[in-house]
């Protein structure tokens, strides 16, 4: 094939009789994946993934100082990961409802009256949401934020 090719002189030196090409047996799978990821739907899904999951992992790495597993083995790594995610979720909960309401929640769980605190937490979050909406309106008014829905 190479001997008859008009581009042979650009591709091979005179002493080389032919060119070997190697292709991995699963190359088709990678090509299909790359083709699928080039669609608008896939790009939108990746944006959504970045918005939902990349932030927690960045927070875990930066704020909690976690950058690698300290143990080996699937079961141990799974346990360590569960502890790290639990830590992130507790930190997030405290940031959302505040330390005093968190203390009330822990006491309610201990004493078994979780329903009583549920309404107080919902009211707090609704109250916070009003402030957030006002804050976002101000940013939009100042031109610092594009008009997008949070939900």
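The values are calculated or read from the model by the stated rules, or taken from the named source; none is laboratory data. All values reported here derive from a predicted model rather than from experimental measurement. Neighbour counts are summed over all protein chains in view; Cβ atoms, including those assigned to glycine, are modelled from backbone coordinates with ideal geometry.
Data for the structure
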| item | result |
| --- | --- |
| Residue match in region 27-44 (condition: closer than 26 Å to residue 92 by Cβ, within 23 Å of the chain's Cα centre (by Cα) and not in a loop (DSSP other than H, G, I, E, B)) | yes |
| Count of residues meeting criterion [in contact with a helix residue (DSSP H, G or I) (Cβ under 7 Å, 6 or more places away or on another chain) and either surrounded by fewer than 10 Cβ atoms within 10 Å (Cβ to Cβ) or modelled with pLDDT of 80 or more (or both)] in region 12-39 | 1 |
| Contacts under 8 angstrom Cβ, first residue in region 73-94 being assigned by TED's automatic domain parsing to the domain that holds residue 63 and on the phi < 0 side of the Ramachandran plot, partner surrounded by 10 or more Cβ atoms within 10 Å (Cβ to Cβ) and at pLDDT 90 or above, 6 or more apart | 77/71; 79/71; 80/71 |
| Only one of 53, 9 that is assigned to a helix (DSSP H, G or I) and at pLDDT below 80 | 53 |
| Test: residue in region 64-72 that is free of Cβ contacts under 8 Å to residues at least 40 places away in the same chain, loosely packed, with under 10 Cβ neighbours inside 10 Å and assigned to a helix (DSSP H, G or I) | no |
